[in-house]
Amino acid sequence: MQAVNTEDSDEHFMALALREAEKALALDEVPIGAVIVDAGGDILASASNRTIIDNDPTAHAEILALRMASAKIGNYRLTGSTLYTTIEPCVMCAGALVNARIERLVFGAHDERFGAVETKFRLCDSDVLNHRMEIVPGVLSDECRKLVKDFFRGKRNATDSHAQPTKACPVVLRTVDGLLQILAFHHPLTGTQLVKGTVEPGESAEEASLRELFEEAAIQAKRVVKDLGLWNSGVEGQVWSFQLCETHNLPDSWTHFANDGGGMEFSFFWHPLDAEPDETWDELFKNALYHIRESI
Ligand SMILES: [Zn+2]
């Protein structure tokens, strides 16, 4: 197929990549798809993520498509080609695109956590590497993002029906100038955190959330307005329950002397929900924050 108009053909090929992503979804793989098109507009390869089914950590859609396209043209360099992928490539794939001398990279949605093209690193147009490519982000981004988001939401719901929460995390939000902010605090020993505590025997996650909010932050919340679901934290078998709590008229910042660990001063502040957590954030709480963002 001859490319007529770049914008139209970008959407056309991204739609094909999305179809590949749907194939991954059918296999219960993270739904990401990729398509490679040569300079003349002919499709060289299309592939979807197969890491789990192949027991292969390198079996990302982009890598599989690169292998397929290279085999097809009998050259490890894909000079002049465009790679379409539904999600911003990771470090491994971005590096492979550079090695393959891909000319244009077109991707759908940004990957806030691992994106290596614009979000976390800039490997595809870095001055220190020997090849740079044209980057076109955001093509059919809503569709691409939705597939992955729905996939992980489905996974979480599957967890929900079995797991019992061991930790309760009261989520407190406010809106300032139209932007959502979440309550967080600096812990003197372990860095920036969200309020969180153990669900005691006989206590519901809701009750634990309201109690923890009072003990850790001195906030008397009226009630829980929404259950934001469970999260397998991956740490010590902890399953967290997020409970959105209703609060009113909280100050911009305050400190609270909590009884934890013999008594410590916690400094509370508001973190813009979409802002990247800085290096003071504890890794576990960073991941909890990402989970909350997706649940709201
Ligand atoms: Zn990858």
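At 0.36 nm per residue, and after removing the present C-alpha to C-alpha distance, how many nm does the segment from residue 77 to residue 236 gain when stretched out fully? Working shown, then result.
On the way: separation 159, 0.36 × 159 = 57.24 nm, distance 4.52 nm.
Full-extension gain reported as 52.7 nm.
Put +1 on the Cβ of every Lys and Arg and -1 on every Asp and Glu Cβ in the chain; which of 79, 210, 285 then has its Cα farthest towards the positive end of the dipole?
Farthest towards the positive pole: 79.
Report, to the nearest 10°, how far helix 283-295 tilts away from the longest principal axis of the Cα atoms in the chain, using its own Cα long axis and a range of 0 to 90°.
That works out to roughly 80 degrees.
Could you sort 184-190, 242-248 so that the peptide with the highest average Cβ count within 10 Å comes first and the rest follow in order?
On the way: 184-190: 15.3, 242-248: 18.9.
The peptides rank, most packed first, as 242-248, 184-190.
Please name which of 131, 97, 53 has its Cα lying farthest along the dipole of segment 46-172 towards the positive end, using unit charges on Cβ (Lys, Arg +1; Asp, Glu -1) and the Cα centre as origin.
Among 131, 97, 53, the one farthest towards the positive end of the dipole of segment 46-172 is 53.
May I ask you to sort 48, 204, 253 by Cβ crowding, counting other Cβ atoms within 10 Å and putting the fewest first? It would help to have the intermediate numbers written out before the result.
Values: 48 26, 204 14, 253 10.
If I rank by nearby Cβ atoms, fewest first, I get 253, 204, 48.
At a temperature of 10 °C and a viscosity of 1.306 mPa s, determine how fast segment 39-197 diffuses translationally according to Stokes-Einstein, using the Kirkwood radius over alpha-carbon pairs as Rh; express D in µm²/s, rounded to the nearest whole number. Before the final figure, lay out each step's value.
Details: Rh = 18.5 Å.
The calculation lands on 86 µm²/s.
If every alpha-carbon in segment 1-121 counts as one equal scatterer, what log10 I(q)/I(0) does Debye give at q = 0.13, 0.16, 0.17 1/Å?
Debye output, listed in q order: -0.44, -0.68, -0.77.
Ranking request for peptides 165-173, 131-139, 107-115: highest mean number of other beta-carbon atoms within 10 Å first, then the rest in descending order. Let's see the in-between values first.
Details: 165-173: 23.0, 131-139: 16.1, 107-115: 20.2.
Taking the mean over residues of other Cβ atoms within 10 Å, the ranking is 165-173, 107-115, 131-139.
In Å and whole numbers, how far do the C-alpha atoms of segment 224-296 stretch along each principal axis, longest first?
Between the extreme Cα coordinates on each principal axis of segment 224-296 lie 30, 29, 25 Å.
With springs only between Cα atoms under 10 Å apart, run a GNM on the chain and tell me which of 25, 64, 179 wobbles the most.
Residue with maximal mean-square fluctuation among 25, 64, 179: 179.
Need the full-extension length gain, residue 203 to residue 136, defined as separation in residues times 0.36 nm minus the C-alpha distance. One decimal, nm.
Values: separation 67, 0.36 × 67 = 24.12 nm, distance 5.07 nm.
Net length gain for the segment: 19.1 nm.
For the Cα atoms of the chain, what angle does the longest principal axis make with the long axis of helix 141-160, in degrees from 0 to 90, nearest 10?
Taking Cα atoms only, the helix is inclined about 50 degrees.
Using the count of nearby Cβ atoms within 10 Å as a rough guide to exposure, how do 283, 212 rank from fewest to most?
Numbers: 283 10, 212 22.
In order of increasing Cβ crowding within 10 Å: 283, 212.
How big is segment 30-76 along each principal axis, measuring the range of its Cα positions in Å and listing the largest first?
Principal extents (Cα only, largest first): 33, 20, 10 Å.
Counting helices only, and only those DSSP H runs with n ≥ 4, report the 222 nm mean residue ellipticity of the chain as the sum of -39,500 (n - 2.57) divided by its residues, in deg cm²/dmol to the nearest 500.
Working: 6 runs with 89 residues, N = 296.
For the chain, the value works out to -10000 deg cm²/dmol.
About the Cα centre, and with charges only on the beta carbon of Lys, Arg (+1) and Asp, Glu (-1), how big is the dipole of the chain? Nearest 20 debye, please. Please list the in-between numbers first.
Working: 27 positive and 46 negative charges, 108 e Å.
Dipole about the Cα centre, nearest 20: 520 debye.
What fraction of the Cα pairs in the chain, stated in percent, has a spacing above 25 angstrom?
Working: 24045 of 43660 pairs.
In whole percent, the long-distance tail amounts to 55.
Does anyone have the angle between helix 205-217 and the longest principal axis of the chain? Alpha-carbon axes, 0 to 90°, nearest 10?
Computed tilt is about 70 degrees.
Can you check what the net charge comes to around residue 207, using other residues whose Cβ is under 13 Å from the Cβ of residue 207 (Lys, Arg +1; Asp, Glu -1)? Write down the numbers at each step before the final one.
Details: positive: 211, 223; negative: 200, 203, 206, 212, 215, 227.
Once positives and negatives cancel, what remains is -4.
Over segment 112-233, what per residue volume does the convex hull of the Cα atoms give, in whole Å³? Intermediate values should be presented prior to the final figure.
Details: hull volume 24.5 nm³, N = 122.
Looking at segment 112-233, the number lands at 201 Å³ per residue.
Where a number appears in this text, it was derived from the coordinates with a stated rule and is not lab data. All values derive from a computational prediction rather than experimental measurement. Because the Cβ atoms are built from the backbone with ideal geometry, glycine has one as well, and the counts that use them run over all protein chains shown.
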